[in-house]
Structure formats: C-alpha cells, structure tokens
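Just so it is clear, none of the values below were taken in a lab; they were calculated from the coordinates. Note that the structure is a prediction, hence the values are computed from the model and not measured. So basically every Cβ, Gly included, is an ideal-geometry build from the backbone, and we count neighbours across all protein chains shown.
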Amino acid sequence: MKFDPEVLTSIGDKVHFTVKITYPEKYFGKKSALRFAPVLKYGEKTLELPAKFFKGEKCTGDGDVVPYAIGGTYTYETTFDYTADMASSELYVLPFGFDPKEAISKDLTEAQIQEKYKSLAMCETKLADGITNTEDLVGGNEVMQLAEHGYELETVISTTAALYFPKNRSNYNKRFGANKTETAAANRKAIDDFLAQGWDIKDITTNAYASPEGEETYNANLSENRANTANKYIKREFKKLLKAKDSKIAMEDCSGVNFNPVGNGPDWDGFMSALKASSIEDKNTMVNVIQSAAPEKKEEEIRNMILIYPELEDDILSPLRRAEITAHCFEPKRTAEEISQLATTDPSQLTTAELLYAATLTEDKDAQAAIYNTATDLHPDSWAANNNAAVSAMGARDYETAHTYLDKANSSSPNNAAVINNFGALYAKQGNWDKAEKYFNDAKALGSNEDYNLGVIALNDGEYEKALGLFGNTKCDFNVALAQALLEKYDEANNNLDCASANCKTNYLQAVIAARTAKDGDVITHLKKAIEINPKFKQRAANDREFIKYFNNEDFINLVK
C-alpha cells in the first residue's frame with residue numbers, strides 16, 4: 001500500500017488522503033471479498049471512515065472487481081472533518097477478508113461480516129500519523145480601521161466684505177448705493193472685528209469686478225482700479241486696528257501682511273447667474289440672446305436690453321460693480337504638547353477631534369487606550385471615538401469590550417464601512433470565520449478595500465493560492481508567509497518572515513519550515529524563541545506532527561518536556 005500524504009494534513013478543516021492498494025496476479029480469490037475501512041485513533045476516541053469493498057470475479061453486489069489472473073492497483077480516497085483533538089492521532093486499517101454467500105452490500109459492517117461469514121481479520125496496519133494543522137496559525141494581522149481624528153493642524157478662517165462702486169468709477173464712497181445698506185456696513189465691521197482678534201494672517205485678497213456691459217479692455221482696467229481702491233481701504237482699516245488702544249494684533253505695521261489685489265474684469269458669470277435668478281419675465285429670452293451673440297456683440301446686447309428693461313441696471317448690473325475683500329486668518333491652535341498634556345490632565349477641555357489626535361501622538365498602547373476610553377466617556381455618541389476604542393481593545397485581546405464599543409459605533413453611524421470591517425476583524429480574532437467573512441464582504445460592498453482580510457478568510461479555508469492573490473504585494477507579513485509555506489514556497493516564506501515582526505508565531509512557522517526542509521538546527525533555534533515568547537507553544541510543538549521526525553531528538557525532547 002502507498003499512502004498520500006505521508007502525514008495527515010488539515011486543509012480548510014478537512015483532511016483528505018488516498019491509499020493505493022495493489023493486488024498481485026493470482027492473489028485475489030474469485031469467490032472472496034475484502035472490506036477496507038481505515039480508522040482514525042486519537043486519545044480514547046476512534047473515527048471509522050467509509051468502507052470500500054473489493055471482490056473476486058464471481059462475487060456480486062457492491063465493490064471493485066479484482067481479476068484473479070492479473071490483479072490490479074486500486075485507490076481508496078476519502079475526506080473527513082478535522083477537530084482540534086485530532087492533532088495527535090494515528091490512522092490504521094484492519095482489512096477483513098470473507099467469502100460472501102450473497103450480493104455484497106456497501107453498508108456491511110465488520111460485526112456483520114464476523115457474524116454471517118467465514119472471515120479473516122488481516123494484520124492491522126498503520127497508514128499514517130496526523131494531523132498537522134499549520135494553517136490554524138492564520139490570522140492576528142487582520143486589517144483594522146481607525147477613524148480619522150479629523151483634527152486640522154492648520155485651519156484657515158475667512159471673512160468677506162464688499163465695496164460697491166458707481167458705473168465706470170473706481171472711487172469708494174460709503175454713502176453710495178449698496179454701501180449704505182445695513183448688510184454691507186455689517187460686513188465691513190465684521191472684517192474689521194475679525195482682523196482685530198489678532199490671529200495670524202495668511203493673506204488679505206481683494207477680487208474686483210466690473211459689470212459686463214462696458215468695453216472689455218476698459219472693464220479690465222476698471223476692475224484693477226477698483227481692486228487697488230479696496231486694497232487701500234482695507235490697509236487704512238488695518239492701520240487703525242494696529243493703533244487701537246487695546247489692539248491684539250502683534251505687529252508694528254502692515255508690512256508683514258500679504259495684500260493681494262486682483263482685477264477680474266467683467267463679471268459675466270455673476271451677471272448670468274443673477275439674470276437667471278431674477279423675476280424679469282423675459283429672462284430666458286435675454287439669456288439666449290446673450291449666449292448666442294458674438295463675443296464682441298454681447299456688451300451691446302446688454303446695453304440694448306437696459307433700454308427695454310431698466311430694472312436690469314438697478315437690480316442686476318449695479319451689484320456687480322464691486323470689490324470683495326477677503327481676510328484669510330489662521331485659527332489659533334493648541335500645540336501638540338498642550339493637547340497631549342490636556343488629554344491626561346483635563347481632557348474635558350478638548351474636542352473629540354483633539355482627543356483622537358492626542359492618541360496618535362503616543363506609541364504607548366496603554367496610553368492610547370486610556371485616551372480613547374476617555375473620548376468615549378466625554379463623547380459617547382461619537383462613532384469615531386467608540387470605533388477607535390474598539391480597535392485599541394482588540395489589540396489588547398479584550399474582545400468583549402471591543403464588541404461593546406463597536407455596537408455603540410454602529411448605533412451612532414450605521415453602515416459605516418470602517419465599523420463593519422472591524423466587526424469582521426473581531427470575529428476573525430475570535431475564530432468565528434463565517435461571521436468574519438460576512439462582515440468583510442459587507443464592508444467591501446460599502447466601498448472598503450477588503451482584499452487582505454478576505455485573503456485571511458481564504459487562507460483559513462485552505463484556498464492558499466487565492467489568499468496570495470488577495471494579499472497582493474503585501475510583504476513582511478506573517479499570513480503571506482503562511483500561505484507561501486503551505487504552498488511549499490519555502491524560500492519566499494522565509495524572506496517574508498525574516499522582515500516580519502518577530503513574535504511567537506513567526507518563529508514557530510520558521511521552525512515548521514525548517515523541519516520540512518530538514519534544517520535541524522533552525523528547528524530548535526526557532527522553536528526555542530517561540531516558546532520563550534509564548535510558553536503555550538511548548539505543548540503544541542510536543543504534539544505537532546510537523547515535528548514528528550524530531551520526536552526522538554534529544555534537543556527537541558528537552559525543549560518541549
């Protein structure tokens with residue numbers, strides 16, 4: 001008999017093996033039959049596997065016919081479910097030969113054969129040891145998704161005020177037209193008050209325009225003049241603020257401010273938008289006329305329309321003759337050092353974004369967890385705070401707490417791809433692979449890249465090539481190395497393990513690869529490191545059939561005893 005594989009192996013929690021059975025010529029009696037039923041023995045348990053029958057040429061019923069004259073080679077093949085207590089097991093077969101008196105039934109048991117027929121129990125034969133389940137090292141590196149902290153290191157706040165000008169003029173008079181309105185006056189005061197806060201100034205930009213009924217070159221110059229007028233205005237206002245008694249502006253003069261006057265010529269976009277939004281009855285016709293006119297005729301068409309629709313001048317064109325002054329200032333921020341300190345001393349002073357940002361300022365996992373937990377206490381409805389607290393808890397293997405936080409995050413933000421992904425990671429870490437796969441696929445449907453995590457699922461299911469495809473170009477990663485090792489790509493696997501995070505699992509897998517490639521010294525070296533990091537690997541190694549060739553090795557025995 002020839003057995004394949006030499007050592008029983010679990011792939012996707014299934015164990016498959018084949019036995020090649022050869023009967024020589026003139027061996028198998030024409031009226032004889034044989035029941036072949038392997039039995040797996042593990043601990044005090046046994047698992048009898050499906051029986052296969054062989055029969056002589058004169059027998060009827062179920063079973064493969066073995067010609068007396070020439071014999072032949074036959075295959076027994078089966079698959080059974082793996083359970084963890086089968087890790088230390090042996091596969092035996094005790095063939096039963098008998099002379100049937102009627103048609104053979106495939107359901108015939110060993111006891112029935114002994115009871116009904118003259119039978120012969122042949123020598124019990126050990127077929128294989130088992131069962132290696134190296135793929136169960138999978139996982140642990142599932143991609144978890146932290147919510148962005150949302151804190152802006154630099155925030156620019158803007159305030160705008162407009163100055164309005166008479167037709168074809170660039171001089172400013174606050175008593176003219178729209179300048180007299182409460183809104184315009186309030187906006188001018190608002191920009192003064194905004195600058196008076198003393199925030200650092202990014203720039204003060206003025207965008208000036210002309211109404212589009214004038215000649216294009218003239219309008220270009222006119223808008224530039226209006227920009228310069230408005231620029232002079234805001235400079236005067238700024239100088240007043242500098243000289244104010246209780247000025248908060250930390251500058252001696254305005255030379256350090258970036259004033260940026262820009263003339264934009266005629267405001268065609270503003271004109272067309274205002275016309276379309278107006279209540280003029282024939283506005284659609286007017287829009288079509290202007291849009292279809294040649295470029296050099298558009299201004300003339302507007303001038304003609306003014307004669308028919310005088311409201312065009314007052315309601316639409318006049319407001320376009322303006323200069324918009326926009327002050328861009330940097331919002332004052334706490335320093336990273338201040339945020340870090342407040343996160344532990346007085347976190348209530350910080351926003352959610354600041355707290356989440358504070359957690360990124362430390363590499364200490366316990367400190368991060370404390371900050372995230374504080375964030376959830378102060379901001380219980382923040383999905384981001386609860387999500388990140390869950391990720392932190394998973395890192396600490398506190399899965400019950402992680403689940404609680406994820407439930408809260410999901411309640412605050414249903415169908416959030418990051419939260420759904422993290423549910424998948426949580427279930428994967430707990431070995432609930434079916435639920436993990438469901439959540440990873442749900443997250444993928446929501447737009448999340450789940451290739452790596454679904455690769456972990458494929459690896460657990462025994463689909464090693466598929467897993468590698470999903471892992472893509474990921475390097476220096478344990479799961480990638482595990483898939484490569486299970487595909488017997490040992491050099492590639494070792495290359496990934498050499499640069500992966502050195503932990504108990506990486507060392508254990510390196511020991512497995514060393515055992516498979518007969519590198520005895522590396523087996524002991526890596527096993528020793530794995531056990532030093534996590535003593536639980538001592539018992540696993542002692543029973544792991546990956547190391548069956550070393551069960552009598554003195555160094556191995558001393559290491560796992």
Neighbourhood net charge (13 Å Cβ-Cβ; Lys/Arg +1, Asp/Glu -1) for Glu450: -2
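Rank-order 404-414, 80-90, 475-485 by packing density, defined as the average count of other C-beta atoms within 10 Å over each peptide's residues, highest first. Before the final figure, lay out each step's value.
Values: 404-414: 18.8, 80-90: 15.9, 475-485: 22.7.
Going from most to least packed, we get 475-485, 404-414, 80-90.
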Charge tally in the Cβ shell below 15 Å around Trp199, where Lys, Arg are +1 and Asp, Glu are -1, Trp199 excluded: -3
Efficiency of FRET between Ala277 and Ile306 - r from beta-carbon atoms, R0 22 angstrom, step 0.05: 0.75
Cα long-axis angle, helix 433-445 against the chain (0 to 90 degrees, to the nearest 10): 30 degrees
Candidate lysines - alpha carbon under 23 Å from Lys444, same-chain residues fewer than 8 apart omitted: Lys408, Lys429, Lys435, Lys466, Lys475
Estimated FRET transfer efficiency when R0 is 51 angstrom, pair His16-Thr183 (beta carbons, to 0.05): 0.05
Per-peptide average of other Cβ atoms within 10 Å, ordering 219-226, 303-310 highest first: 219-226, 303-310
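For Ser247 and Cys476 in one chain, what is 0.36 nm times their gap in residues minus the Cα-Cα distance, to one decimal in nm?
76.6 nm
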Three-way shape call for region 413-455 based on the alpha-carbon gyration tensor, with the a/c threshold at 1.5: oblate
Principal-axis tilt of helix 504-516 within the chain, Cα atoms, nearest 10 degrees: 40 degrees
Hz values of 3J(HN,Hα) by residue in region 152-165 - Karplus curve (6.51, -1.76, 1.60), Gly and Pro given as x: 8, 5, 9, 10, 9, 9, 10, 9, 10, 9, 10, 10, 10, 10
Cysteines in the chain lacking a second Cys C-beta under 4.7 Å: Cys59, Cys123, Cys254, Cys329, Cys504
Extension reserve of the Asn288-Asn441 stretch, reckoned as 0.36 nm per residue once the Cα distance is removed: 49.9 nm
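Of Lys174/Lys245; Lys41/Lys118; Lys202/Lys298; Lys45/Lys519, which sit over 30 Å apart, Cα to Cα?
Too far apart for the 30 Å limit: Lys202/Lys298; Lys45/Lys519.
What percent antiparallel are the DSSP beta bridges of the chain, to the nearest 5?
Close to 85 percent.
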Between helix 298-308 and the chain: long-axis angle, C-alpha atoms, 0 to 90°, nearest 10: 60 degrees
Local electrostatic count at Lys52 - Lys and Arg +1, Asp and Glu -1, tallied over other residues with Cβ under 14 Å: -2
Per-residue [θ]222 nm for the chain (sum of -39500 (n - 2.57) over DSSP H runs n ≥ 4, rounded to 500): -13500 deg cm²/dmol
Peptides ranked, highest mean first, by Cβ atoms within 10 Å: ranges 540-548, 63-71: 540-548, 63-71
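Pick out, in residue order, every one of the GluC sites (Glu not before Pro) in region 13-58 that is DSSP loop and has at most 16 other C-beta atoms within 10 Å; say none if there are none.
The qualifying sites are Glu25, Glu44, Glu57.
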Inter-label distance for Asp64 and Asp346, nm, one decimal - labels placed 7 Å from Cα along Cα-to-Cβ: 8.4 nm
In region 349-408, GluC sites (Glu not before Pro) in a DSSP loop with at most 16 other beta-carbon atoms within 10 Å: Glu363
